[in-house]
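Please treat every number below as a calculation from the coordinates, not as lab data. All values derive from a computational prediction rather than experimental measurement. With ideal geometry, Cβ positions are generated from the backbone for all residues, glycine too; neighbour counts draw on all protein chains shown.
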Amino acid sequence: MAKKLQMCGTETEMREVAARICRNYLHGAWKSVDPTELEFRRISGGLSNFLYYVALPEDPSKLCTFTKRESSPETELETVASKLVKKSMARSNSFSIEEPKKVLLRIYGQVHGERAMDAIVTESVIFTLLSERRLGPKLHGVFSGGRIEEYIPARPLLTRELAEPALSMKIAEKMAAIHSMDIPLSKEPNWLWKTMWKWLKICKDERLNTIGKNEEEQRIIKQLKSIDFNKEIDWLKKFLATVESPVVFCHNDMQEGNILMLEDSANADDEMTTIFQAYDVEHHKSSKENYHLDEISSDSISSHISDSGEPKLFLIDFEYCAYNHRGFDIANHFQEWAYDYTNDAHPFYHECQDDCPTLEQKEIFIKEYLKHYSSNVSEEPQEPSIDDVNHLLNEVEAFALASHLFWTLWSIVNASKSQIPFGYWEYALSRFETYQRLKIEVIKKDNCGLPQKRKICEVDI
C-alpha cells in the first residue's frame, strides 16, 4: 500500500488520494467535498514519511455533493493497528463527534520486513493511547499505508527555550505523565540494548566500511572504526546494572523538536510549514535544519500560556517509545539542552556543553517531575524528599552515558543512508567524545556509588 501511494507523483494525483482517504475515514463534509476544493499541500517528507496538510474549504458552498468512486485499497486492507485503534477510539471520550476541519495525512515511505511493520503497529497503538490522555495529537484514522492525525496549530520549541523555567517545569510534568502510563507492551527494559546491538551490527557490516566524501570524513570514520563498541556496550550495561532506576514507559527522545507549543490560532496557519516538519520521524535530530525560526524569541512564550498560567505543550514522535529506565529519559532530555539543530551551515548543528542544565536547574526539573509522578500513581501523593531528588540526580548522571553512546550509533547508521543534509559523522564523533569524557568523570568521582559499581568503573577506562 505504501508503495502504491508513493507512486502518485503529481500534486493532482496525490490530492485525489488524500481526498479518497479522508472521505473513507472521516465524516460529515469530508464525504461530499470535491478534491479540487480541498486545501492541500505537502509539508515535509523523506524516505520514511510523507506528510500532507488537508483542510476543508472555508466557503460552505464548496462543500458540494461528490459521487463516491469505487472502493479503494485503503478500505479493503485493515491492519492490526487499525483494529486496535478503532476499539480504542470507541472507548475513548477524547474524540469529539464534530468533524475535524483540518488534518495531517501521513503516508509511510519505505517499509521493509515484518519488524518494520511491527514498529508501525506499535507506534500507532502508542500514538492512540497518548492521544486519549491528551499527551499528543488525536488520531483520526489508520490505514495500511499511513494514518490521519489531528492538525495542531503549534510550533516546536527552540533549544534555548528548554531552559525557560515555566517550560522546563511543564516538560517535567509531561514526562511524569508518560512515565506513569501503563502501556500494553513488554515491560522488560531491553529496548535500549537491543537497539544498540542492532545498530552496531549495521555500523560494523556497512557504515564503518564507507569511504568518506572528503578528508575530514575519512579521518572521522577511521577514528570511529578504531573504537571497540562491543566493549563499550558491555561495560555500560554492567555499569548501569548497578544503578537503581525504576523501569517506566519512556518517550526516549524528549528533544525540543518533539515538543510542540500551541500557537495563537490567528498566526498558526502562516507558520504551518515550519511547524510540522518536526512530525517527520526520519528527520529526528536534523529535522530542524530547514526551520526559519530566528524571529521567534523566548518572549513569545507569553502568548502561548493557558488560562491557568502554564504553557500549552504537546508531545510528538513516538518512534522510540518503549519501557526503559527513567534515568535515561531524563538524562537524554538534559543532554539535548546542549545541541541546537538550526545551524544552516555544515554540520547543521551547534554544540555548547555549557548550555547543559546546572545542578539547580536539574533539581527544579526533578522535583517537579517527582511531584507529578507521585500524584499520578498514588492516591496519597507526597512531596519529593532530598534523598529522592539526590537519587534521581545520580540516575541521570549515570544514564547520560547511555544517551551519548545511543545517539553515537544512531548517527553512524544514518551517516550513509540518509539523504538529509546533516553532519552525521561529526555528530557521531562529538557524542562519543562526550561519552568518553563523562565516563572518566563518573569513574573518578569520589561518590561514584556502591562498591560493586566502583569495581566495574575501574575496569578499562
Next item on the list: Apply the Karplus parameterisation 6.51 cos²θ - 1.76 cosθ + 1.60, with θ equal to phi minus 60°, to every residue of the range 371-379 and state each ³J(HN,Hα) to the nearest whole Hz, in sequence, with x for glycine and proline.
Entry: 4, 6, 4, 4, 5, 7, 10, 10, 6
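Cut-off is 10 Å between beta-carbons; in what order do LYS62, LYS444 appear when sorted fewest neighbours first?
Details: LYS62 14, LYS444 11.
Ranking LYS62, LYS444 by Cβ neighbours within 10 Å, fewest first, gives LYS444, LYS62.
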Check: What order do you get for VAL247, VAL413, VAL396 when you list them from fewest to most C-beta neighbours inside 10 Å?
Finding: VAL247, VAL413, VAL396
Checklist line | Around SER385: net Lys/Arg minus Asp/Glu count, Cβ-Cβ under 12 Å | finding: -1
